[in-house]
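Structure first, commentary second.
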Amino acid sequence: MSEIVSIQTVGVVGAGTMGAGIAQVAATAGYDVTMVDVESDLVDAGFDRIDDSLDRLVGRDDLTREEADAALDRIDGSTETANLGDADLAIEAVVESMDVKRKVFADLDDVCGDGAILATNTSTLSITSIAEATDRPAQVVGLHFMNPVPIMPGVEVVDGEKTSAEALRTAHEFAESLDKETWESDDKPGFVVNRVLMPWINEGIRALDEGVATKDDIDRGLKLGTNVPMGPLELADHVGLDVCLHASETLHDELGDRYKPAYLLKRKVEAGDLGKKTGQGFYEYDQE
Ligand code: NAI
């Protein structure tokens, strides 16, 4: 294993919801960032997301205009993973597909320096299996950011079968340098958060489908009864019902029947009602 370098330059692969958020918080913390996507309009869309998010933070006095502009200046965009040769840490946030992620990791392994750490933002896939696409599995780790990245206070650090103690420590320290708190999970399906969250969401959906209560009363009951900020149906809409279904199916495949997705969740996704992003999930939303 190579000696891990101290992190100054960060590469982010994928400029979607999560990748743009990760690039933004890394740049805000002072890192030089290169954000890669497959096409230049997707990179541009990532920059638009970052712009909007920084504007909101400035509007709330969480950042000054100068800090926001300086953060934006620290981010370069690219359509070539080959441009991540200088990255001390590369964070992958592409679609949740093992084949696509393994290909990205094989490419990163080729282009990044020997001391670089390669991290994945996967929600449910095996870090160990992704790491095996590289010749440096000891330097592959899970850095599972939460959505929306600039707002959520925590990052789940995931320990793959061959992840070294040093890589894990560096991952915690990096997340902490972004002003996030961390917790650690072994490389088991869904890690901590989705393993516990997905059955909770599915049970809320089943309660609706089986007529236990109205959707409002299910969400109000969980909010008022357990002090969570959102009930299961509202949270499912926020995450995206397709994302919930995909995560539930992965957990079901790996862990068996207690993770079976709710029938109504499948039906909603089949109907194209994916939650907030389509304007219709369990609730109706104004489209932006
Ligand atoms: P997204 O669909 O918004 O963005 C993915 C981006 O990756 C797209 O812009 C796509 O063009 C790009 N991409 C695909 N293949 C690529 C490649 N080979 N090279 C460069 N870019 C490529 O997806 P999202 O929501 O940002 O999710 C990304 C990852 O983060 C997934 O693994 C997901 O499970 C995970 N995640 C998502 C959360 C969420 O709430 N959306 C929360 C936590 C983790």
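Structure notes:
- Tabulated pairs, region 259-275, first farther than 10 Å from Leu245 by Cα, second assigned to a helix (DSSP H, G or I) and among the β-branched types (Val, Ile, Thr), C-beta under 6 angstrom, 6+ apart or interchain: Leu264/Ile205
- Hits in region 110-131 - residues which are more than 14 Å from the ligand (Cβ to nearest atom) and either of a type in the set (Phe, Trp, Tyr) or under 17 Å from Lys188 (Cβ atoms) (or both): Thr128, Ala131
- Any hit, region 210-226, residues being part of a loop (DSSP other than H, G, I, E, B) and within 13 Å of the ligand (Cβ to nearest atom): no
- Residue that is surrounded by the fewest Cβ atoms within 10 Å (Cβ to Cβ) [pool: residues in region 70-105 that are within 18 Å of Asp135 (Cβ to Cβ) and within 18 Å of the chain's Cα centre (by Cα)]: Arg102
- Test: residue in region 57-75 that is in the same structural domain as Ala131 (by the TED database) and within 11 Å of the ligand (Cβ to nearest atom): no
- Scan of region 1-40 for residues that are in a strand (DSSP E or B), among the aliphatic types (A, V, I, L, M) and within 12 Å of the ligand (Cβ to nearest atom), ordered by number: Val12, Val13, Met35, Val36
- Subset tally (residues that are part of a loop (DSSP other than H, G, I, E, B) and more than 10 Å from the ligand (Cβ to nearest atom)) for region 147-159: 3
- Lone qualifier among Leu235, Leu197, Leu208, Leu222 - being within 19 Å of Gly281 (Cα to Cα), under 15 Å from the mean Cα position of the chain (by Cα), crowded, with 17+ Cβ neighbours inside 10 Å and modelled with pLDDT of 95 or more: Leu197
The values are calculated or read from the model by the stated rules, or taken from the named source; none is laboratory data. None of these values were measured; they are calculated from a predicted model. Every residue, glycine among them, receives a Cβ derived from its backbone with ideal geometry; neighbour counts consider all protein chains shown.
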